[in-house]
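A short reminder: the numbers here are calculations on the coordinates, not readings from a lab. Predicted model, so just to flag it, every value in this text is computed and none were measured. Glycine also receives a Cβ, built like all others from the backbone with ideal geometry; neighbour counts cover every protein chain displayed.
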Amino acid sequence: MAALSSQSLLEQLNWRYATKQFDPNKPIADDVWSALEDTLVLSPSSYGLQPWLFLVIKSDDLKSQLRPLSWNQSQITDCSHLVVFAIKKNLTAADVDRFIESTAAARNDSVESLSGYRNMIVSDVVNGPRSFSVNEWAARQAYIALGNFMTSAAVIGVDTCPLEGIDPAGYDKVLNLQPDGFATVVACAAGYRSPEDKYADLAKVRYPKSDMIRVL
């Protein structure tokens, strides 16, 4: 498999920016979006537990309902696709068991052979000290998926804008997440930049590598 060159990777990451103005008349093609959905599914998470749900909003009506809950940011209604990153709240042993069963099926293994791994996860996330902040832990996993999604989008030339300026509780209500035990964490608009977006050509502001990286 041919790997993306380091030069091409850096070119795309320098091209990427938090898009402020999308072109509402330029949708993401179905095959491109399907690949981006796969990058969400392939995102890494601690233990591989995947404590999340990704809601893809294409409906203009839903976008219109969510915009007032998003500081009235135009990206919400002008983007091609809006992804809402939600977490499964208050993880239980049943959630871990579901993951263990999926692991056994994917690897042609038995659930019993994974009992040690299962018990380790339960003793940490469900019953251990981490259980007191498990929703914060799950939110950090969602941000891993967000970063993976944005980088993947940039590599294939799709613009994104992460959106923390939202009312998570309001999103939960509009998207009816509470009955299933999910809660909104963050959103990300995806599409293609408008040629009128003045932010597209601004220089990136980053500290020098020597200030940011220590090689020990």
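Just the residues that are crowded, with 21+ Cβ neighbours inside 10 Å and of a type in the set (Phe, Trp, Tyr), please, taken from segment 71-92.
85 - this is the single residue of segment 71-92 that is crowded, with 21+ Cβ neighbours inside 10 Å and of a type in the set (Phe, Trp, Tyr).
Can you spot a residue in segment 34-41 that is among the aliphatic types (A, V, I, L, M), under 22 Å from residue 174 (Cβ atoms) and in contact (Cβ under 8 Å) with a residue 60 or more places away in the chain?
Narrowing segment 34-41 to residues among the aliphatic types (A, V, I, L, M): 35-36, 40-41.
Subset that is under 22 Å from residue 174 (Cβ atoms): 40.
Then keep just the ones that are in contact (Cβ under 8 Å) with a residue 60 or more places away in the chain; that gives 40.
Yes - at least one qualifying residue is present in segment 34-41.
Which of the helices (runs of 4 or more DSSP H) contained wholly in segment 1-115 include at least 1 residues that are farther than 25 Å from residue 183 by Cβ? Steps first, please.
On the way: elements: 6-15, 30-41, 60-66, 75-78, 93-106.
So the answer is 6-15, 30-41, 75-78, 93-106.
Confirm whether residue 106 is buried (at least 19 other Cβ atoms within 10 Å of the Cβ) and small (Gly, Ala, Ser).
Criteria not met by residue 106.
Hey, among 58, 88, which residue is among the basic types (Lys, Arg), in contact (Cβ under 8 Å) with a residue 12 or more places away in the chain and touching a Ser or Thr at 6+ places or on another chain (Cβ under 9 Å)? First the steps, then the outcome.
Details: 88 fails: touching a Ser or Thr at 6+ places or on another chain (Cβ under 9 Å).
Just one listed residue meets the conditions, 58.
Examine segment 159-166 for a residue that is part of a helix (DSSP H, G or I) and under 17 Å from residue 84 (Cβ atoms), and state whether such a residue exists.
Of segment 159-166, the ones part of a helix (DSSP H, G or I) are none.
The answer is no; no qualifying residue exists.
Which residue out of 135, 148 is more than 17 Å from residue 41 (Cα to Cα) and among the polar types (S, T, N, Q)? Reasoning before the result, please.
Numbers: 148 fails: more than 17 Å from residue 41 (Cα to Cα).
Unique residue meeting the criteria: 135.
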